[in-house]
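Before any comments, here is the structure.
The values are calculated or read from the model by the stated rules, or taken from the named source; none is laboratory data. Because the structure is a prediction, the values reported are computed rather than measured. Note that each Cβ is placed from the backbone with ideal geometry, even for glycine, and that neighbours are counted across all protein chains shown. Just the protein is used for accessible areas: all its heavy atoms, side chains included, with ligands, DNA and RNA removed. Shrake-Rupley method; radii C 1.70, N 1.55, O 1.52, S 1.80 Å.
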Amino acid sequence: MLEAIREEPAEEERSRPTVTRLREVLQGPLDVKSLSLTGLFVLAAFYTLYLGRSFFLPIVLSFLLSFLFSPVVRWLKKLRIPEGLGAAIVVLSLLGALGLGVYELAVPAYDWMESAPRSLRKVESKLRGLKKPVQTMSKATEQMEKMTKVAGGRAPAKVTVITETLGQKVFSQATEFVAGGVVMFILLYFLLASGERFLRKLIRALPSLSDKKRAVDIARQIETEVSTYLATITLINLVLGAAIAGALSLIGVPNPLLWGVLAVFANYIPYLGPIAMCVVLAMVGFLTFNDLGHALLVPGAYIGLHLPESYLLTPLVLGRRLTLNPVFIFLGLTFWGWLWGITGAVLAVPIMVVFKIFCDHSEPLAPLGELLGNS
């Protein structure tokens, strides 16, 4: 059906396309009332995304993963494996890889977190020179407390704020994470198993032939571009993580696999992820080695491997595909990171890629798509 829509000759439409009507609305006079309503709608949408992040995050993740693995399901279908069985194979493989990773990394991560207090005391002993400003500030605080005492010599009443303990916070976040993961994998299975039926139903709901063609083009381009981007970036990140784990093992850093996997996930976040990884590895090196030069070798190895990857390997593999404006990438990372946390920062670039494709296929939004691009 989708191919027939593409190949069918153009006919006179019975109704004007939705995009044309939208363009006429945008080109018409806009009063303060319409601008106010538009602003309130945008704010309400952002507020809804923020409050409902536990609901929207699994849905967005499942759709992006469906773009990545739909070609795999279609390839399995060519091998006479039904779509339902192929989708089950993909989802179970993902669950197996996730379970294996958690099993291998849970113990090193727990040991490192358990030794964190002792490590911080070690840092404190090495940085005694920084205590003087802190002691000065403490004395100033004590003087301010004396000044705030009431005339009768009685100290002001203290207010005790009862907050959740660390264990309660970790348990609640882990429960929310597991629930979101279950929803994501179930929805991912149905998206992969349904194949193109969801797109066919969407096309039937559109009023005109040009809208149907445009929907097919947008869907095909989104799947191609997003799957290419995610597959390429994942492969590059895996190679980088393996190289970092090997380099840290040669240097003598304990649990190099843990830091290699962390580098893989950090590299999905442009700019901010590598900076955070440098800080983490600098702390690891400082806590592991007493010699300053040996400690700085740990973040230095990461920088030495990351720079060729970001400036040579990634541009060489991706070329000019999916190049976004660095300014808008940073703004998108900041916005989605504030809205949905670390997961939002990871999803920022794919979300912006999808939005740019929509802008490129819509005349009213074409200038915005041009701004998002880097060509």
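Among residues of the stretch 215-238 that are modelled with pLDDT of 85 or more, none has a Cβ under 6 angstrom from a residue that is hydroxyl-bearing (Ser, Thr, Tyr) and open to solvent by 50 Å² or more (accessible area, probe 1.4 Å) at a sequence gap of 6+ or on a separate chain.
Within the stretch 283-293, can one find any residue that is open to solvent by less than 30 Å² (accessible area, probe 1.4 Å), assigned to a helix (DSSP H, G or I) and either touching a strand residue (DSSP E or B) at 6+ places or on another chain (Cβ under 7 Å) or at pLDDT 90 or above (or both)?
Step one: list which residues in the stretch 283-293 are open to solvent by less than 30 Å² (accessible area, probe 1.4 Å), which gives 284-285, 287, 289.
Add one more test, that the residue is assigned to a helix (DSSP H, G or I), and what stays is 284-285, 287.
Narrowing the set further to residues that are either touching a strand residue (DSSP E or B) at 6+ places or on another chain (Cβ under 7 Å) or at pLDDT 90 or above (or both) leaves none.
No: the stretch 283-293 contains no residue that is open to solvent by less than 30 Å² (accessible area, probe 1.4 Å), assigned to a helix (DSSP H, G or I) and either touching a strand residue (DSSP E or B) at 6+ places or on another chain (Cβ under 7 Å) or at pLDDT 90 or above (or both).
Give me the residue from the stretch 57-94 that is buried (at least 16 other Cβ atoms within 10 Å of the Cβ) and aromatic (Phe, Trp, Tyr) and, out of that set, nearest to the chain's Cα centre (by Cα). Selected residue: Phe63. All conditions but one from (1) touching a helix residue (DSSP H, G or I) at 6+ places or on another chain (Cβ under 8 Å); (2) of a type outside the set (S, T, N, Q); (3) surrounded by fewer than 18 Cβ atoms within 10 Å (Cβ to Cβ); (4) over 30 Å from Phe177 (Cα atoms) apply to Leu316; the one that does not is (1).
Can you spot a residue in the stretch 347-354 that is out of contact with any Gly (no Cβ under 7 Å at 6 or more places or on another chain) and open to solvent by 40 Å² or more (accessible area, probe 1.4 Å)? No, the stretch 347-354 contains no residue that is out of contact with any Gly (no Cβ under 7 Å at 6 or more places or on another chain) and open to solvent by 40 Å² or more (accessible area, probe 1.4 Å). The set of residues from the stretch 253-269 being open to solvent by 30 Å² or more (accessible area, probe 1.4 Å) and more than 17 Å from Ala109 (Cα to Cα) comprises just one member, Tyr268. Of all residues assigned to the stretch 72-81, none qualifies as being at pLDDT 75 or above and closer than 30 Å to Leu281 by Cβ.
The set of residues in the stretch 191-244 being hydrophobic (A, V, I, L, M, F, W, C) and either open to solvent by 70 Å² or more (accessible area, probe 1.4 Å) or in contact with a Lys or Arg (Cβ under 8 Å, 6 or more places away or on another chain) (or both) consists of Phe198, Leu202, Ile203, Ala205, Leu206, Val216, Leu235, Leu238, Val239. What pairs come up if the first residue lies in the stretch 298-321 and is at pLDDT below 85, the second is of a type in the set (D, E, K, R) and part of a helix (DSSP H, G or I), and their beta carbons are under 8 Å apart, counting only those six or more places apart or on different chains? Matching pairs, first to second residue: Arg321/Glu225. Scanning the stretch 355-375 for residues that are surrounded by fewer than 15 Cβ atoms within 10 Å (Cβ to Cβ) and either polar (S, T, N, Q) or over 25 Å from Ala215 (Cβ atoms) (or both) yields Asn374, Ser375.
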